[in-house]
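To keep things clear, I will list the structure first and then write my remarks on it.
Bear in mind these aren't lab numbers, they're just calculated from the coordinates by the rules spelled out. All values derive from a computational prediction rather than experimental measurement. Reconstructed Cβ throughout: ideal geometry from the backbone, glycine too, with neighbour counts over all protein chains shown.
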Amino acid sequence: MTTVDALYRYSVPPTEAAVLALNNLREVYGIRRVTLDEAAKTVRVEYDATRFGEPVVYQLLRRAGLHIGDAEVLVLPAPPPPPPAPPAAAPAKA
């Protein structure tokens with residue numbers, strides 16, 4: 001699973017119907033979280049990129065009734081790789 005955050009700016013404050021539709025986005029398989037920040041006029045969507053891409057998320061938000069612009073896609077950092085295994089010791093000769 002690849003978790004991606006997409007941050008969208010909207011120009012017109014969402015209506016009550018749009019907020020209800022945004023709440024229903026959580027029911028879409030692959031959408032993990034939807035956060036609306038009215039002060040910054042942004043909506044952040046955390047989704048599973050193995051299920052669908054950013055254009056699908058964009059269309060879901062547009063169909064919910066948001067007047068949004070371009071997205072800033074924020075990929076969460078991958079976990080650090082495991083440390084290398086120590087080299088195996090050579091067997092002793094008798």
* Structure fact -> Under the Karplus relation with 6.51, -1.76 and 1.60 and θ = phi - 60°, whole-Hz ³J(HN,Hα) for the range 38-45, x at Gly and Pro, equal 5, 5, 8, 6, 10, 10, 10, 10
* Structure fact -> Between the modelled labels at Val56 and Glu16 (7 Å from Cα along Cα→Cβ) the distance in nm is 3.3
* To do: For the range 13-53, state which trypsin sites (Lys or Arg not before Pro) are in a DSSP loop and have at most 16 other beta carbons lying within 10 Å of their beta carbon.
  => Lys41, Arg51
* **Placed amide H near His67: partners under 5 Å, 5+ positions off or other chain** => Ser11, Val12
* **Computed lengthening from Arg32 to Glu46, 0.36 nm per intervening residue step minus Cα-Cα distance** => 4.5 nm
